[in-house]
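Peer 1: Quick one: structure below, then a few questions.
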Amino acid sequence: MALQEGAAGGGEKKRVVIVGGGCAGGLLAKSLQFNADVILIDPKEYFEISWASLRAVVEPTFAERTLFNHIDYFTNGRLITSRVVNITHTEVLTSEGLSIAYDYLIIATGHDDSVPKTRTARLQQYREENEKVKSASSILILGGGPTGVELAGELSIDFPEKKVTLIHRGSRLLEFIGTKASKKALNWLISKKVEVILDQSVDLDSVENKTYLTSSGETIKADCHFLCTGKPTGSSWLKETMLGDKLDSRGRLMVDEHLRVKGRTNVFAIGDITDTEELKQGYLAQKHALLVAKNIKLLMKGGDEQKMITYKPAAAMALVSLGRKEAVAQFPFTTIIGCIPGMIKSKDLFVGKTRKEMGLTSHSV
Ligand SMILES: Cc1cc2nc3c(=O)[nH]c(=O)nc-3n(C[C@H](O)[C@H](O)[C@H](O)COP(=O)(O)OP(=O)(O)OC[C@H]3O[C@@H](n4cnc5c(N)ncnc54)[C@H](O)[C@@H]3O)c2cc1C
């Protein structure tokens, strides 16, 4: 029998259930924890500054600051370490069979990834990936999106003696931003002796004797590989739920101007899962969280719906780091590569800033 959790369990306070503890859901939980009875549901016990994960591969101790437990910033609510598998008009259901009633529901399941449940296990995973890098002379990266390019950047700067090859199915790197940025990133990688192969893929089932066969029949020798082909949108679990018809063709939840799921009065969506017309970026996911926190506070007080804040999608802006000092930046009307954009992102990868936003010290203690 499913366990039952009634709504408004915390006395007078409304029950807010947040599904997904990434940078959107985590910040929302922190922002609402003293105003509502907040339940955060995430399959892992910790928050990860996900865009800093490539640095952790080359420097595992870096992850000491990029991973912190949800309870470090979410001190006045309830954390459920589980996956949500279904939702109804009144409840969410977890994979362990717990059913939790809500007054307000927020979907923040960005991208799907299978990572360890505990911070300790995740730190260990980074140490193992680092060992894999250190013991290899040649490394193959599969995928030329931001993850593949940033990993190639980290490896080429920290391990210049290793042969790094990046293979990408598409005709240009970083397809989510402009062609000029792609070209600049490509030239930068080539200048660091990274071999970049475009318009080809590798079937990992055909790997034999450290030899990888490409789609055009070429072979690549590498001691190990990293799969950087991008994580799927974290919405497959929603397909069979009452929100199934609110998913667009890319599997994103359709939201209105207040970030409410279209047609719903008490269900919101924030972060990469939404269909807002903008690049999917963490700083925008955080903006969504802060805006929805204000809108929910207004609704909880019985405020006028017409007074809810309206979200305006942001202009295209993104920074892709290239090792520890440089980066390529996409701004609305221009792209820049080198140390200037690098100064903004690449030294600390916004880790100190994000930790402060979550109420922690810049450095781990
Ligand atoms: C290489 C790279 C570099 C980047 N650099 C930057 C940058 O410099 N600046 C920037 O602003 N952005 C950057 N981004 C983008 C940024 O990482 C994302 O926009 C951001 O992580 C989105 O946050 P989110 O909370 O929406 O989703 P996610 O971070 O994907 O979090 C989703 C959460 O939901 C949980 N979840 C999933 N399914 C379920 C379920 N069924 N039940 C419960 N929980 C579930 C997951 O465990 C996870 O905790 C970068 C991305 C990449 C790949």
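The values are calculated or read from the model by the stated rules, or taken from the named source; none is laboratory data. Being a predicted model, the structure only gives us computed values, none of them experimental. Every residue, glycine as well, gets a Cβ built from its backbone with ideal geometry; the counts of neighbours run over all protein chains shown.
Peer 1: Consider K347 against the criteria (1) touching a residue at least 40 places away in the same chain (Cβ under 8 Å); (2) under 20 Å from the mean Cα position of the chain (by Cα); (3) assigned to a loop (DSSP other than H, G, I, E, B): it satisfies all of them except one. Which criterion is unmet?
Peer 2: The number of the failed condition is (1).
Peer 1: Still on this structure, I have one more. Just name the residue that is nearest to the ligand (Cβ to nearest atom) out of those in region 140-162 that are in contact (Cβ under 8 Å) with a residue 40 or more places away in the chain and over 18 Å from L198 (Cβ atoms).
Peer 2: Result: E154.
Peer 1: Is at least one residue of region 236-258 outside any strand (DSSP E or B), among the charged types (D, E, K, R) and near the ligand (Cβ under 9 Å from one of its atoms)?
Peer 2: There is no residue in region 236-258 that is outside any strand (DSSP E or B), among the charged types (D, E, K, R) and near the ligand (Cβ under 9 Å from one of its atoms).
Peer 1: Do any strands (runs of 3 or more DSSP E) lying entirely in region 65-117 carry at least 3 residues that are within 14 Å of the ligand (Cβ to nearest atom) and in contact with a Phe, Trp or Tyr (Cβ under 9 Å, 6 or more places away or on another chain), and which ones are they? Before the answer, list the steps.
Peer 2: Details: elements: 67-69, 78-81, 84-87, 91-94, 98-101, 104-107.
Strands (runs of 3 or more DSSP E) meeting the threshold: 67-69, 84-87, 104-107.
Peer 1: From A121, A36, which residue is away from the ligand (no atom under 15 Å from the Cβ), farther than 19 Å from A285 by Cα and modelled with pLDDT of 95 or more?
Peer 2: A36
Peer 1: Looking for whichever is more than 17 Å from G20 (Cα to Cα) and not small (G, A, S) here; the options are Q286, Q306. Which one fits?
Peer 2: Criteria check complete, one pass: Q306.
Peer 1: Oh, and also: Which members of region 41-64 meet the condition of being hydroxyl-bearing (S, T, Y) and either away from the ligand (no atom under 14 Å from the Cβ) or over 23 Å from F159 (Cα atoms) (or both)?
Peer 2: Y46, T61, listed by residue number.
Peer 1: Same structure again: Condition check: touching a helix residue (DSSP H, G or I) at 6+ places or on another chain (Cβ under 8 Å) and surrounded by fewer than 23 Cβ atoms within 10 Å (Cβ to Cβ). Does A63 satisfy that?
Peer 2: Criteria not met by A63.
Peer 1: Given the criteria more than 24 Å from the chain's Cα centre (by Cα) and part of a helix (DSSP H, G or I), does L298 qualify?
Peer 2: Yes.
Peer 1: Within the set of pairs 6 or more residues apart or between chains, which connect a residue that is closer than 19 Å to E91 by Cβ inside region 20-46 to a residue that is within 11 Å of the ligand (Cβ to nearest atom) and modelled with pLDDT under 95 with Cβ atoms less than 9 Å apart?
Peer 2: P43/S114; P43/V115
Peer 1: Take region 1-33 and flag every residue that is at pLDDT below 95 and assigned to a loop (DSSP other than H, G, I, E, B).
Peer 2: Within region 1-33, M1, A2, G6, A7, A8, G9, G10, G11, E12, K13 meet the criteria.
Peer 1: Condition check: closer than 17 Å to L238 by Cβ and not hydroxyl-bearing (S, T, Y). Does V133 satisfy that? Full working, then the answer.
Peer 2: Details: closer than 17 Å to L238 by Cβ: no; not hydroxyl-bearing (S, T, Y): yes.
Criteria not met by V133.
Peer 1: Being of a type outside the set (S, T, N, Q) and buried (at least 24 other Cβ atoms within 10 Å of the Cβ) is the filter; apply it to region 264-278 and report the residue that is farthest from the ligand (Cβ to nearest atom).
Peer 2: Start the filter on region 264-278 by keeping residues that are of a type outside the set (S, T, N, Q), which leaves 264, 267-273, 275, 277-278.
Then drop every residue that is not buried (at least 24 other Cβ atoms within 10 Å of the Cβ), which leaves 268-273.
On the way: F268: 13, A269: 9, I270: 7, G271: 2, D272: 4, I273: 6 Å.
Going through the qualifying residues, I end up with F268.
Peer 1: Among the residues of region 34-64, which ones are of a type in the set (D, E, K, R) and in a loop (DSSP other than H, G, I, E, B)?
Peer 2: Scanning region 34-64 gives K44, E45, E59.
Peer 1: Does any residue of region 149-169 turn out to be closer than 27 Å to E59 by Cα, exposed (fewer than 15 other Cβ atoms within 10 Å of the Cβ) and at pLDDT 95 or above?
Peer 2: yes
Peer 1: Can you tell me which condition G217 does not meet? The list is (1) assigned to a strand (DSSP E or B); (2) more than 16 Å from the ligand (Cβ to nearest atom), and all the others hold.
Peer 2: Condition not satisfied by G217: (1).
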